[in-house]
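Before any comments, here is the structure.
Quick note: the coordinates plus some simple rules give every number you see, no bench work behind them. Here the structure is a predicted model, which means the values were calculated and not measured. Reconstructed Cβ throughout: ideal geometry from the backbone, glycine too, with neighbour counts over all protein chains shown.
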Amino acid sequence: MEPKFMLLMVALMTIATASADYVRPKPRKILDFPWESKHSSQPQQVHISLAGDQHMRVTWIADGKSSPSIVEYGTSPGKYNRIAQGESTSYDYLLYSSGKIHHTVIGPLEHNTVYFYRCGKQGPEFQLKTPPSEFPVTFTVAGDLGQTGWTKSTLDHIDLCTYDVHLLPGDLSYADYIQSRWDTFGELVQPLASARPWMVTEGNHEKENILILEDGFQSYNARWKMPYEESGSSSNLYYSFDVAGAHLIMLGSYTDYDEYSEQYSWLKADLLKVDRKRTPWLLVLFHVPWYNSNKAHRGEGDHMMQAMEPLLYAAGVDIVLAGHVHAYERSKRVYGGRSDSCGAVHVTVGDGGNREGLASKYINPQPEWSVFREASFGHAELKIVNSTHALWSWHRNDDDEPVRSDEVWITSLVSSGCLADKRPELRKILLAP
Ligand SMILES: [Fe+2]
């Protein structure tokens, strides 16, 4: 055998052996929380979310009468020349009573600006940065987070990147009826969620309904108030918001979505309001994926897909992000179950690191619409560079190092000829009574 050919054979065998030997990481334990059950008048579990044009909602928990729903803020450390008054709520769940949950909206805020703030007129100073008014804008994405060693790894990696807004397509704390886990989750994410807006939608682990008559989502709605009122929705379970030149719609996989539902009517109205000249990118998030070739949760998104995919297609949605399946999968542009250059790119990013572990079995052959699939923990980043181009990347938590494993440039539909201004038959779907 030629020496060169032998070397090539050895190299190929080494690669083959390496991939065969690759041991997929096991689930990690739930983290220990020294602060568990700590009730204090000091602000805890601070997180922020976008709340309408140039406004931000600050949410925190503090017990005691001496904890007003007041946020003091300004652009210099320790100098708070502005003040906002909010409101507080609390809830009881079986034997658990929550602390006082404060929601205070601050603004109008300058774009792309660092603000220093303090909650309840006491405690430590926090720092946030508002998103830019125009491109480029960067989102991080990780669903199904939980609070394990892998969650910590994912959060550490998100913390390393430069981003404007974090997106979480459902399944936050994995409290699963044990309400103190909502508190530990709040503390775990505070370093990130107090600094950049966290925009979340609900998953099955947020439901926590104890009786058939209970609607569920009690803790989620009390703790993670999103800008539903600001976006004309009557429910915290679905809403929308703008960031720079992107319009994002957060839908609910576990609330009614058929054509007679409030969510459906609201979605249609919201899609009709989108002005692609102002927000050329259109993104949608929900928990249960519609395009999923993993063996886990097969078909669970089918009914919602049948009800709502025609609307998203008619409106020219660019990207759909989901969670639920604990793995990563990216599709081509798809519609109606097959590739379609006018459909959305669907990505499942349900790999934040929760205690249930990875969903590692896939159906074969890989469907033609599926481009990349892998069962590893990780997070994604979406950098929208301008009105036509965005860089999508997925970063695997490989031996605790963030490894860029999937990367693709996505071009928006605005210049594609796919939108309703070029295809009037699509507008009819949106305008149908
Ligand atoms: Fe889920």
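Structure notes:
- In the chain, taking the dipole from charged Cβ atoms about the Cα centre, the farthest positive-side position among 306, 126, 179 is held by 126.
- Shape call, the range 137-431: gyration tensor on alpha carbons, a/c limit 1.5: rounded
- If the chain linking residue 53 and residue 180 were pulled fully straight, counting 0.36 nm for each residue of separation and taking away their Cα-Cα distance, it would gain 42.4 nm.
- Annotation: amide H-H contacts under 5 Å for residue 91 (H modelled 1.01 Å from N, sequence separation of 5 or more, or interchain): 98.
- Selection from 331, 163, 105 lying farthest towards where the dipole of the chain points positive, charges on Cβ: 163
- Among the lysines of the range 137-431, pairs at least eight places apart or on separate chains and with Cα atoms under 24 Å apart come to 20.
- Spatially, the range 61-98 and the range 131-200 are offset by 20 Å when compared through their Cα centroids.
- Dipole magnitude (debye, nearest 20) for the range 44-129, charges at Cβ of Lys, Arg, Asp, Glu: 200 debye
- The chain: most fluctuating residue of 308, 199, 250 per GNM, C-alpha cutoff 10 Å: 308
- Pairwise FRET efficiency - residue 152 versus residue 405, Cβ, R0 = 30 Å, nearest 0.05: 0.95
- Within the range 306-324: backbone nitrogen closer than 19 Å to the residue 272 label point (7 Å, Cα to C-beta): 308-317
- For the range 308-371, the Kirkwood radius over C-alpha pairs fed into Stokes-Einstein at 4 °C and 1.567 mPa s yields D = 102 µm² per second.
- Linear extension gain, residue 215 paired with residue 363, 0.36 nm per residue minus alpha-carbon span: 49.8 nm
- Unpaired Cys in the chain, meaning no second Cys C-beta under 4.7 Å: 119, 161.
- Least to most buried among 394, 198 (fewest other Cβ within 10 Å first): 198, 394
- Cα→Cβ-extended label distance, 7 Å offset, between residue 295 and residue 371, nm: 2.7 nm
- Projecting the Cα atoms of 317, 362, 236 onto the charge dipole of the range 137-431, computed from C-beta unit charges around the Cα centre, puts 317 farthest toward the positive end.
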